[in-house]
Structures are given as C-alpha cells and as structure tokens.
1. If amide hydrogens are placed 1.01 Å from N in the peptide plane, which non-local residues have theirs closer than 5 Å to the one on residue A:30?
2. What is the mean number of Cβ atoms from other protein chains located within 10 Å of the Cβ atom of each residue in peptide B:90-98, rounded to a whole number?
3. Given Cβ point charges of +1 (Lys, Arg) and -1 (Asp, Glu) and nothing else, what value in debye, to the nearest 20, does the dipole of chain A about its Cα centre take?
4. With a ≥ b ≥ c the root eigenvalues of the C-alpha gyration tensor of the stretch B:24-125, is it rounded (a/c under 1.5), prolate (a/b larger than b/c) or oblate?
5. Over the stretch A:17-68, what is the relative contact order in percent, taking alpha-carbon pairs closer than 8 angstrom and at least six residues apart?
6. Whole-Hz Karplus ³J(HN,Hα) for the stretch A:170-186, in order, using 6.51 cos²θ - 1.76 cosθ + 1.60 and θ = phi - 60°, x for Gly and Pro?
7. When the helix-only estimate is applied to chain B (DSSP H runs of n ≥ 4, each -39,500 (n - 2.57), divided by the residue count), what is the mean residue ellipticity at 222 nm, nearest 500 deg cm²/dmol?
8. Put a dot 7 Å past each Cα toward the Cβ at residue A:166 and residue A:192; how far apart are the dots in nm?
Amino acid sequence: MFAMRVKIALAEKGITDYECREENIVVSKSPLLLQMNPVHKKIPVLIHNGKPICESLIIVEYIDEVWNHTSPLLPTDPYLKSHAKFWADFVDKKMYPVQKKIWATKEESQDETKKEFIEILKTFEKELGDKCYFGGDNIGFVDIALITYYSFFRTYEYFSGLSLEAECPQLIAWAKRCLLKDSVSSSLADMDKVLEIIIEYRKIKGIA
Amino acid sequence: MGEESSVKLHGFWASPYAMRAVLALKVKGVEFEYIEEDLFNKSELLLKYNPVHKKVPVLVHNGKPIAESLVILEYIDQVWTDPPHLLPKDPYLRSKHRFWAAFSIPLSETMMRYVVTEGEEQMNAQNELLEKMDVLEQGMKEIFPNGIPSFQEDKPGYLDIVFYSLFGTHEAAEELFGEKFLTVERYPLLVSWVNALKEVPEVQQVTLPIPKVVKTLQFIRQRHLPPKA
C-alpha cells in the first residue's frame, strides 16, 4: 500500500521513464533493497541517481521538491502545507494501526475496533467537507496518503461485516473521484486481489 | 504592511515535544507567548486548536493553529526564512533529515515502554532501546559526514532539536533506573552530539533540571504500573 503512493506521485508529475523493481518482501528481500534501506529493510525505496530515499511520504515530498515545475502535491503556503502534513501524519498514525487490526487479528472483540475505524473514516469525511479532494481542486499529499488504503476497502468489509458505502458515503465518493484519475487507477492494487492475498496471509499466520 | 505577527505556543513544561517547538522558536529568534497547559485539565483553546489529538505542542500563528512537533518545526523554518535554517536546502538532504526524524518516533515509543514496565518486559524494552540507539549511532555518520558540529557558530537545526528533546536529560532515566544508557564506549557520536548541544545557550534555557525530570519519570511510571498489593 505504501509503494502505491510513490507510483501515484510519479504519475502525477508525468514521470513514466523509471524502472520499477518488484520485491518479494515475504519470501526474501533483495541485496539491493537491504543495501538501500538498511535501517528498516522495507519498500518503497526510491533510488534517484543512485541515492536512496525511504519512507513513502518522505519520498512523495522529495518527488514534489525535485520535480517542482508541475502538478504540486503540497501547497506552497506554509500554513496550508503544515495542514496537509498534519493530516497525512494522521493517516499513518491512526488509520494504519486500526485498519490492520481489522484484517490481521482474530474476529473476537472487533466491536471496539470497528467503532474506532468508522470514527476515523468520519474524521476524514469531516476534514474533506465540500472539497473535491483533500488537496482542493486536484489530488494532493493527503489524497495520495489515504487513497492507497482504498485498495483494502473490500478486505475491511469482508472481515468486519461493515458496509463502508453506507457508513461513509462521502469518503467513498471521494475515493471514486480519485480513481477517475489515471495516476491513481494505474497505481492502486486490485481490491479483489488484495482480499485474496489477505485471506492467504491469515491462513499462513494461523488467524481464524 | 508592518503588522505585528502574533505567535503563541501551547506547551507543557515536561513535554519533550513542546520543548522542540520552544527551542526552534528561540533558535530562530522569534518572539512568542508561551501558554502552559495543564494536561489533566486541558484548556478550551487547546481543544479548539487541536481537536483531533488534543495534545501539546500547538503553535498558533496569527490565530491559525499548527499541531504535531515535526510539522511545527518545518512550519517555523518556512515562515521565518532568515538564517539559521533548521533544515538543509537540498531535497535529498532534507529527505535524509526527515527520515531520521521519523526514526525518533519508534525510538521514543521504546523509551516510554522502558519507563512504564518492569521485569522481563522492561529488560526487553531496554534491549530494544539500546539496539535502536545503535542504529541511530550508525546514522550519525551519514547525518554528520564531517563530524559533529561544535555549535559554537552553527545553531541547532531540525535533527539536533528532535534528538536533544529525547536524549538531553538522559541522566535522569539513568539515575532513576540505576543504569547508564548513553555510554561513550557504545555511542561515542551520540554522546558528543548531546554534550555539544548542552553548551548552546538556547538549549540550556529549555533544558529541565535533572531532579525535576527524575520526578516526572517517577510520576509517569507510577501512573502506568499496576498497583502493588
């Protein structure tokens, strides 16, 4: 889900001439990955002119700063920029751990998690308000941070029994608007494929 | 034209995160009003300015709130553009500094876990903390390829501020738990970094006395540990 953010950012900037190396992170990580991200040993890693940049949102910001002649992903106004960074931080701080509980843990005592999850989604809806995107008229930093979780929405519904369209219609509408953009639709993983992989993952981990 | 800007910082005396914001404003020479929050009785203003997390620090600039310490540091650097600069100009170096600042998050979580646990759980947290410090010590070589600055001419920047807020009063934890963590044998670069920063006047102004930090850690620990029979 984090590598998708980088793909969207590159696509938004019109950068298509790059090599995308698929890592099999479950089975074995390549020596290059371990060399380029020795601290976390994780993807995504952007390698630009031989130099590695790690951590998806840091990479997206780097892309925005280097290719700054087109399609800004962050506002230039310091206050609006800080606002965007705050909300992107909220995505990873709050959304990530709670959504993981939905599919990575056994099904008992999910009520609290489901409640927390919906509250988080509603917080996003409130922040979005009447805007087309979190970034305003075009997708920005927060949209990129959040939309990649959309590829897991079928997975969340499957394991929680929630109907996200019923609970958060505005957020679903926002996600569908994002998907109309080529940069997003070409980067997001297929929802059904993600669900298949998660079902497999749960079997391997022995989660009922 | 010539309007005075209003800069207020909502903080808490014991919060290392609030310390970051205060130190950054002092380094930049920005005049500001400091508002002490009682975290057990949060003000209406704090809840209004940071409804999402309800936490300090919150910087309020001309009535507009900015929350999250790392976001605040970058905001300060972007608004008050005169030197000293908190972050480098080069995008690649900025990404490196942001990477290491992000590393401070799991590091501080492990520190907290060490403070509020006991027995085997605490031993595990201690080992994890020391390992993370090993990683940071290695990282220092790429953060400071020319060695630790003396800070006699250069002022502290983004990463100096972030990590000083976590390590600046390490003696307090060492005194409370009877363990020396930040040893020069294992962490020569970290030790010289912290010691160099301690000489900076602005840093001295924001550093709490060790006995006060010891009491704070004791308080936090007692709140989290299960009551003894």
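Every number here is computed from the coordinates shown, using simple stated rules; none is lab data. Note that the structure is a prediction, hence the values are computed from the model and not measured. Cβ: placed from backbone, ideal geometry, glycine included. Neighbour counts: every protein chain shown.
1. When sequence neighbours closer than 5 places are left aside, the close amide H contacts are A:24.
2. Mean partner shielding for this stretch: 6.
3. Values: 28 positive and 31 negative charges, 107 e Å.
Roughly 520 debye for chain A.
4. On the way: a/c = 2.53, a/b = 1.21, b/c = 2.09.
Because a/c hits 1.5 or more and a/b fails to exceed b/c, the stretch B:24-125 counts as oblate.
5. Values: 32 pairs, mean separation 10.4, N = 52.
RCO, the stretch A:17-68: 20 percent.
6. So the J values, rounded to whole Hz, are 5, 5, 5, 4, 4, 4, 5, 5, 4, 5, 5, 7, 4, 4, 7, 4, 7.
7. That comes out to -18000 deg cm²/dmol.
8. For residue A:192 paired with residue A:166, the spin-label model returns 2.3 nm.
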